[in-house]
Amino acid sequence: HVVLHINAEKTKKLSQHEVVERWLAFHQAPSLIKRFVQGDELSESEAEKCCDMIEVWRERLMSISWFMRLLNQHIASEANREDKCTGHFWEGRFKSQALLDEKALAAAMAYVDLNPVRAAIAKNPETSEYTSVKTRIESLQNGKASAPCLFPFAGNPKENMPDGIPFRLMDYLELVDWTGRQCREDKRGHIDCRIPDILERLGFESAEWFDTYAQVERGTMVGAEPSIKAALPLLGRKRLCGFRIPAS
């Protein structure tokens, strides 16, 4: 599982050289692009072809399908090297969901970060290998406010929302820790009296939170009903579908 944020505005503002730099981190450069990077003089037709190629790459940098394609290639390559074999690693195509509001985002992030705990291969978030929450905790322990390569937490501003996850990091860590304690098999049915404040801010009752958390993979869209209705024309849908979170 992976929770992605597509920063389309930032991608559109990248210079041509910045687009090329990002794309070539995973691909071989065509000879024309090599000349462009080196600053060689190009003919008008070559410059036009170069620009067209770069704009295609710019679109792909905003594409979940291309992200998953490259991730799949990397994982398959590593797995085949370890197992001394060839072929695809995943049997089917990936599934994606649109997370339409803060409630959906919090539930999906907690669900993904607690995967190892639910699978009983980790005792707590800080020992959950290959999770964002473990990386964030390690960054805090090293005196860093934000983990490298992860989208930062922006807090709970009333206005002028900055670029980042709309929660406080410490609130989120408290939520993940609390949720992990409740979903343990020997704690089934037990609700801790110290419910994190973040649930109240998001408008969740504890039972509603666990229902959302447990069913976050249902449907192609996750959010409160007003969020889903607003997203339908943007996603080319006409009917309400997906998992509807109770409105606060």
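The values are calculated or read from the model by the stated rules, or taken from the named source; none is laboratory data. Just so it is clear, the structure is predicted and the values come from calculations on it, not from any experiment. Cβ atoms come from the backbone with ideal geometry, glycine included; neighbour counts cover every protein chain shown. Side chains included, ligands, DNA and RNA excluded: accessible areas come from the protein's heavy atoms. Shrake-Rupley method; radii C 1.70, N 1.55, O 1.52, S 1.80 Å.
Side notes on the structure shown:
- Per-selection metrics, the range 22-120 (Cα): Rg and Dmax in Å: 19.5, 61
- Cα pair distances in the chain, grouped into 5 Å bins until the bin that holds the longest one, percent each: 1, 5, 10, 13, 15, 15, 14, 10, 7, 4, 3, 1, 1, 0, 0
- Accessible area per residue (1.4 Å probe, heavy atoms of protein chains only) ranks ILE121, ILE137, ILE245, ILE195 as ILE121, ILE195, ILE137, ILE245, with the largest value leading.
- Considering only alpha-carbon pairs that sit under 8 angstrom and 6 or more positions apart, the relative contact order computed for the chain is 17 percent.
- Here the range 59-162 was treated as a single set of alpha-carbon atoms; its pair distances binned every 10 Å from 0 give 12, 28, 41, 16, 3, 0 percent.
- Computed P(r) (all Cα pairs; the range 12-60; 5 Å bins; percent): 5, 22, 36, 25, 11, 1
- For ILE245, residues with placed amide H under 5 Å, excluding near neighbours: GLY223, ALA224, GLU225
- Charged side chains reduced to their Cβ positions (Lys and Arg at +1, Asp and Glu at -1) give the chain a dipole of some 520 debye around its Cα centre.
- Interchain or long-range residues, amide H under 5 Å from PHE153's placed H: ILE165
- Sequence of GLU21, GLU208 from largest to smallest accessible area, 1.4 Å probe: GLU21, GLU208
- Accessible area per residue was computed with a 1.4 Å probe on protein heavy atoms; TRP66 scores about 60 Å².
- Computed over protein heavy atoms with a 1.4 Å probe, the carbon and sulfur contribution to the accessible area of the chain reaches 50%.
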